[in-house]
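First comes the structure, then the notes that go with it.
The values are calculated or read from the model by the stated rules, or taken from the named source; none is laboratory data. Predicted, not measured: the structure shown is a model, and the values here were computed from it. Every residue, glycine among them, receives a Cβ derived from its backbone with ideal geometry; neighbour counts consider all protein chains shown.
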Amino acid sequence: MSGPPGGAVTRGAGQRLARSELAKRMYHPGVSLIDRILNAIARLLQSAHGAVPGGWWAGIALAALVVLAATVILRWVGPVARRRGRAPGPLLPDRPLSARDHREEGERLAAAGDFAGAIIESLRAVALELEERGVLPPRVGRTADELAVEAGGPLPGQALGLREAARLFDEVRYGGRAGTSAGYRRLRDLDAAVSRAGTAS
């Protein structure tokens, strides 16, 4: 059956056309992820209204406590803690041994497979070697980075090796990086080079 004369659209036909047009997908974009999350939280709080003593305000407080607890746990035992590491401290212990003693301790640790400990002891041996030979003045609290900077002046040929050794020391000592046989050998070679340079100076 044709429409009214002149192509006019009846009220009922207009309503059907409007409903058909408005039902198209272009007028109903998908709900965003944020909206879905907010709706889920709202439903959770609504359901907690009767389940949690104190109503939905108590539910909000409980949710905040859970988030806070999770943050604290991740900060201290999770990947955040592993990334953070510790701030670099003094290179030498409070009562350092001689360079020879630290060198021998490094060799003992390396033989036992503790390359992290061997790397630490080897750089301590380098630091004390430089102090014992008068290349650097003894200084309490000197860090590995400070050792590299201060020793790089009088020993320019070893400046790069000292910087790399300081970085390796910090990564092993404070960053939780595993020591390796290759890393220990680099420190041992640096120790030998510094000893020769100290003798020549």
Return the pairs, sorted by first residue and then second, in which the second residue is of a type in the set (Lys, Arg), the first residue lies in segment 155-179 and is in a helix (DSSP H, G or I), the beta carbons are less than 6 Å apart, and the residues are 6+ apart or on different chains.
Glu171/Arg177
Per the filter on segment 120-135, residues crowded, with 17+ Cβ neighbours inside 10 Å and either out of contact with any Lys or Arg (no Cβ under 8 Å at 6 or more places or on another chain) or not aliphatic (A, V, I, L, M) (or both) are Glu121, Ser122, Leu123, Arg124, Val126, Leu128, Glu129, Leu130, Glu131, Val135
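Looking at the structure I just gave you, is Gly141 without any contact (Cβ under 8 Å) to a residue 12 or more places away in the chain and not β-branched (Val, Ile, Thr)?
no
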Residue under question is Leu160, and the condition is that it be at pLDDT 90 or above, more than 15 Å from Gly106 (Cβ to Cβ) and hydrophobic (A, V, I, L, M, F, W, C); does it hold?
yes
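Residues that are assigned by TED's automatic domain parsing to the domain that holds Arg173, at pLDDT 65 or above and within 25 Å of the chain's Cα centre (by Cα): which helices (runs of 4 or more DSSP H) entirely in segment 51-149 hold 2 or more of them?
Filter on segment 51-149 gives 115-132.
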